[in-house]
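So the structure is just underneath, and the comments pick up after that.
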Amino acid sequence: LRAAVFEPDGKDRNVCAPLAPFMKYDRNGLDCTIDFYSKLPADAKLWAFELVKTNMEELYDEAGYGWDDQDKLSELSEDGTRFLVARNKSGERIAFAHFRFTVQGDVVDQMRGDTVLMVHDLHVVDECQRKGLGRHLMTLMEMVARKTNMSRVSTMCMMGDENTRAFLSKLK
């Protein structure tokens, strides 16, 4: 796992470098570039946080988890996080994916099991939804998983989040 995501000198590896031709999306009225980050710049982190909050706060509350600004901000800053950020031709951010490399047992504090690319967040601004960009970002993460020898891509879906369930079922 370590060799897949870090350079020999310990620096974060740009796991999307071999995928350069796919780091753009030009379909269905969208024309954007996609950048990889192992750490989001402060302004991008704030933008991502606000997008997640807009899309998810009500779902967190309805599911009984409760929304916590500090928890989400911390999650977006944790070591090991990786991001894909899509920008339109004007430079405006329109989508992002937040993922990390882990092993299946990591969730229960056991570092054993299959290596997994875990998708924590995938959000597209409202006006750019249903144009294939979310699917393209998922495809990029699947390609990254293959290039880094992960056994699979896993996602999380909040109880009651029917939009995400519908999106994921279309990917199969």
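Some values worked out for this structure:
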| quantity | calculated |
| --- | --- |
| Surface per residue (accessible, 1.4 Å probe) for the chain, Å² | 58 |
| Dimensionless Rg over Rh [the chain; C-alpha; Kirkwood] | 0.94 |
| Relative contact order (%) - the chain, alpha-carbon pairs under 8 angstrom, separation at least six | 21 |
| Net +/- balance of residues flanking Gln70 in space, Cβ distance below 14 Å, scoring K and R +1, D and E -1 | -3 |
| Share of carbon and sulfur in the accessible heavy-atom surface of the chain [1.4 Å probe, %] | 47 |
| About the Cα centre, charge dipole magnitude for region 62-172 (Lys/Arg +1, Asp/Glu -1 at Cβ), debye | 880 |
| Residues of type aspartates and glutamates that Lys72 reaches as a straight line, Cα spacing below 12 Å, ignoring anything fewer than 8 places off in the same chain | Glu50, Glu57, Asp121 |
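The values are calculated or read from the model by the stated rules, or taken from the named source; none is laboratory data. Keep in mind the model is a prediction, meaning the values are calculated, not measured. Cβ sites come from the backbone with ideal geometry, for glycine too, and all protein chains shown count toward neighbours. Note: accessible area is taken over every heavy atom of the protein model, side chains too, but ligands, DNA and RNA are not part of it. Shrake-Rupley method; radii C 1.70, N 1.55, O 1.52, S 1.80 Å.
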